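> Could you have a look at this structure, given as structure tokens, before my questions?
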Amino acid sequence: MTTDLSENLLNILACPQCGDKLSLVAGQLQCSPCNTQFSAGQSPGLDLRPRQSRRYLIDLEIGNQLDLEAGIQFDPLQQNPHPEVDFSSISPPKHLSRKLLTYFPRAKEANSLALDLGCGQMQSKAVCEAAGFEYVGLDYDSPGAQLLGDAHTLPFRDNAFEFLLSAAVLEHLRHPAVCMREAYRVLKPGGVFIGTVAFLQPFHGNSYYHHTHLGTYNSLHAGGFQVEQICPSKEFPVLVAQANMALFPKLPRALSSLLVMPLHLLHRLWWQLGATITRHPLAQERHRLLSTSGAFTFIARKPAQR
């Protein structure tokens, strides 16, 4: 299995136990300092999950206020007027909107790497490769993943990736603050981190922490990222999310969405009446979306080195 990996990828693999570089010995990846070997597991992917538990220490500054003066408006995502990549000839996977694709960066070099964190069946491979990246798909247990690994201890060296993608993953992690530090560590300075996270969705797939817009901002900010956008989903409101995922299981999504649509329209009308009649500062479309969105999209960046 290891012989199927590119030299470019082999060069950035690291031991998830101790962080040391992995060496290829007789077709097996081996970490000499901690004497651990890694090979293909039950699924086709190379199994780079930690073999035993480890301690992870995080420094967090407390007692200060969250800085929300950096121009973050928490508005719905708009089309990027200056996209770096033309995806018009590609059908995007269902979990990535065409608007979001307009924010994908173009690879700076021929050997630039993109990490799809929580890749599932690697549905995002085509769009990442269309942007010029060598795609790396990592998931904890998906049988369709290229690599098996833990987001809390990523099996990569520091500053390995130019682009990081994470779609609907953060809510499934026991320690999202640790994942943010790991994402920051493996991303190159100036690299882009794009993703989505659940908010008012039902419990699903052993989800732990569904993020508000402030929670999403705080997780990224505490991880060291410069947050550029956090956007509520207009297309996936709470009623649709609940209907699709929990209220009417096994029902076609189009039909379950239709069942709650009258209530959704009444809800929107009520908010519009409130904005018109009461003039209350919170009776705004922006606040309605932040309060009722099923998910948030985020775009962040690792600060460039000075």
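The values are calculated or read from the model by the stated rules, or taken from the named source; none is laboratory data. It should be emphasised that the depicted structure is a prediction, and the values quoted were computed from it without experimental measurement. FYI the Cβ positions are ideal-geometry reconstructions off the backbone, even for glycines, and counts take in every protein chain you see. To get the accessible areas, we keep the full protein, side chains included, count just its heavy atoms, and leave off ligands, DNA and RNA. Shrake-Rupley method; radii C 1.70, N 1.55, O 1.52, S 1.80 Å.
> In Å², what does the accessible area per residue of the chain work out to with a 1.4 Å probe?
Result: 53 Å² per residue.
> If you don't mind, there's one more thing I want to ask. Residue 255 label point, 7 Å along Cα→Cβ, cut-off 18 Å on backbone N: hits in region 214-240?
Once the point is set 7 Å along Cα→Cβ of residue 255, 240 turn out to lie under 18 Å by backbone N, inside region 214-240.
> Right, another one. Between residue 23 and residue 94, how many nm apart are label points set 7 Å from Cα along the C-beta direction?
4.7
> On to the next question. Which of rounded, prolate, oblate describes region 187-265, given a ≥ b ≥ c as roots of the alpha-carbon gyration tensor eigenvalues and a/c under 1.5 marking rounded, otherwise prolate only if a/b is larger than b/c?
Prolate, since a/c reaches 1.5 and a/b exceeds b/c.
> Quick one: 3J(HN,Hα) in Hz for region 166-181, Karplus 6.51/-1.76/1.60 with θ = phi - 60°, rounded, Gly and Pro as x.
Along region 166-181, the couplings run 8, 9, 6, 10, 4, 5, 9, 9, 5, 9, x, 5, 5, 4, 4, 5 Hz.
> Rounded to the nearest 500, what is the chain's calculated 222 nm mean residue ellipticity when only DSSP H runs of at least 4 contribute -39500 (n - 2.57) each, over all residues?
-7000 deg cm²/dmol
> Taking a ≥ b ≥ c as the square roots of the Cα gyration tensor eigenvalues, with a/c under 1.5 meaning rounded and otherwise prolate when a/b beats b/c, else oblate, which class fits region 217-306?
Taking the square roots of the gyration eigenvalues as a ≥ b ≥ c, region 217-306 is oblate.
> Which Cα, out of 212, 238, 24, lies furthest along the positive dipole direction of the chain (beta carbon charges, K/R +1, D/E -1)?
238
> If you don't mind, another one. Heavy atoms only, probe 1.4 Å: what % of the accessible area of the chain goes to carbon and sulfur, would you let me know?
Summing carbon and sulfur atoms, their accessible area is 52 percent of the total for the chain.
> Mind giving me the FRET efficiency for residue 246 and residue 53? R0 is 35 Å, r the Cβ-Cβ distance, nearest 0.05 is fine.
Here the calculated transfer efficiency is 0.60.
> Then there is this: Taking H placed 1.01 Å from N in the peptide plane, check which residues at least 5 places from residue 47 or on another chain put their amide H under 5 Å from its amide H.
When sequence neighbours closer than 5 places are left aside, the close amide H contacts are 39, 40, 41, 148.
> Mind listing the long-range amide H neighbours of residue 229? Cut-off is under 5 Å, sequence gap 5 or more, other chains count too, H placed in the peptide plane at 1.01 Å from N.
299
> Say each of residue 37 and residue 203 gets a label point 7 Å from the Cα, pointing the same way as Cα to Cβ; how far apart are those two points in nm?
4.1
> Based on C-alpha coordinates, I'd like the Rg and Dmax of the chain, in Å.
Looking at the chain, its Cα Rg and Dmax stand at 20.6, 74 Å.
> Also, quick follow-up: Give me the distance in nm between label points sitting 7 Å out from Cα along the Cα-to-Cβ direction at residue 106 and residue 62, one decimal.
4.7
> Amide H neighbours of residue 80 under 5 Å, counting only residues 5+ apart in sequence or on other chains, H built in-plane at 1.01 Å?
For residue 80, whose amide H was placed from the backbone, the distant partners under 5 Å are 102.
> Decide, for region 1-135, between rounded, prolate and oblate: order the square roots of the alpha carbon gyration tensor eigenvalues as a ≥ b ≥ c, take rounded if a/c falls under 1.5, and otherwise choose prolate if a/b is larger than b/c, else oblate.
oblate
> In terms of Cα to Cα distance under 20 Å, which aspartates and glutamates are near enough to residue 125, apart from those fewer than 8 places away along the same chain?
Within the straight-line limit of under 20 Å, residue 125 reaches these aspartates and glutamates: 4, 7, 47, 84, 86, 109, 116, 134, 139, 141, 150, 162.
> Shifting gears a bit: Under 10 Å, Cα contacts only: if you run a Gaussian network model on the chain, which one of 185, 49, 253 comes out with the highest mean-square fluctuation?
Of 185, 49, 253, the Gaussian network model singles out 253 as fluctuating most.
> I would also like to ask the following. Given a cut-off of 26 Å, name the pairs among 188/234; 94/188; 21/302; 21/188 whose C-alpha atoms lie farther apart than that in the structure shown.
Checking Cα-Cα distances, 188/234; 94/188 exceed 26 Å.
> For the chain, what proportion of DSSP beta bridges, expressed in % and rounded to the nearest 5, is antiparallel?
Given both bridge residues lie in the chain, the antiparallel proportion sits at roughly 55 percent.
> So between residue 272 and residue 158, what do we pick up on full extension, going 0.36 nm a residue minus the alpha carbon distance?
36.1 nm
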